[in-house]
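Taking it in order: structure first as structure tokens, then the write-up.
The values are calculated or read from the model by the stated rules, or taken from the named source; none is laboratory data. Please read all numbers here as calculations on a predicted model, not as lab measurements. Cβ atoms come from the backbone with ideal geometry, glycine included; neighbour counts cover every protein chain shown.
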Amino acid sequence: MLAFFLISAPTSARAGVATSPADSIAIRSSNGVTTYVYLPLVSRFDPCAPIPGESYDVLSVPPPPTDRPAEVHADLNLSMRGYELTSAYLGLVNGGGTDPKAPQLPGLFADDRTPTFSNVYRVHDWDWDCNCRGGLIASPEVTLAGFEVSPGETIHVPASGYDIGGYEVLVLYASAERITLKYTREDNVVYGYTIHVENVCVEPSLLTLYQSWNDAGRGSLPALQAGQAFGRARDSEIQVAIRDTGTFMDPRIRGDWWQGR
């Protein structure tokens, strides 16, 4: 948002005008030139601002909890793996359709749109023997998609045909820049669907709620409804990965995650 202020030089500072007490009350003609300077004032919306009207619940999680701290768990914190740009097709591709209840990615957006693909990426594999990053996942050719968004736009929970005790997903991991959502109730990605969303500012109260229950041992974790806003886009792109029973899937597949598009 741009605002403009008009600044005019005071009469006493203009060329050819005397400065005396009488000048403050006298009206005089002048051949001096008035100079106007326009200064832009830039105001930027804070993407980490609270989302009005949102509140969040927790749901008990069956034991055992995840086998290592979530922050350093490569199945929960996608930044542990990392990812790299690739040159594959930017858009939906045909295929899939094996599960009519699969999460539908248009639900990430308040207007339920099919977004413009701005980039596609390949996620790194993980070597659990050395607990270290491996090479890029070879198949499928895309394992993370970048979607065009407006900075500050709210990002929402995609609906599926599944239910976890009246909720849609558990928050398995959250930080100031990313979130991991799970469509079953276990504290792992072994069963069911998992979605990673990168470059999102998690709603402050949701992040605080996650951190408090994570610190308390993860006996309960935040649970979200389908369509509920969980954060805002930090800038013009969010990145999204989707997994089925732990395996990274191609997020472009029309018949799986974009049914009817």
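Inside region 214-243, can you point out the residues that are more than 20 Å from the chain's Cα centre (by Cα) and among the aliphatic types (A, V, I, L, M)? Show your work before the answer.
Narrowing region 214-243 to residues more than 20 Å from the chain's Cα centre (by Cα): 214-220.
Of everything in region 214-243, just one residue is more than 20 Å from the chain's Cα centre (by Cα) and among the aliphatic types (A, V, I, L, M), namely Ala216.
Exactly one condition in (1) over 21 Å from the mean Cα position of the chain (by Cα); (2) in contact (Cβ under 8 Å) with a residue 24 or more places away in the chain is false for Ser205; which is it?
Of everything listed in (1) over 21 Å from the mean Cα position of the chain (by Cα); (2) in contact (Cβ under 8 Å) with a residue 24 or more places away in the chain, Ser205 misses just condition (1).
Mind listing whichever residues of region 116-142 are touching a Gly at 6+ places or on another chain (Cβ under 9 Å) and more than 17 Å from Leu76 (Cα to Cα)?
Scanning region 116-142 gives Thr116, Phe117, Ser118, Asn119, Val120, Tyr121.
Scan Leu78, Leu144, Leu90 and give me the residue that is under 20 Å from Ala241 (Cβ atoms), in the same structural domain as Tyr191 (by TED's automatic domain parsing) and touching a His at 6+ places or on another chain (Cβ under 6 Å).
Leu78
What about Thr98, is it hydroxyl-bearing (Ser, Thr, Tyr), modelled with pLDDT of 95 or more and outside any helix (DSSP H, G or I)?
It is false that Thr98 is hydroxyl-bearing (Ser, Thr, Tyr), modelled with pLDDT of 95 or more and outside any helix (DSSP H, G or I).
Condition test on Asp111, is it in a loop (DSSP other than H, G, I, E, B) and surrounded by fewer than 12 Cβ atoms within 10 Å (Cβ to Cβ)?
yes
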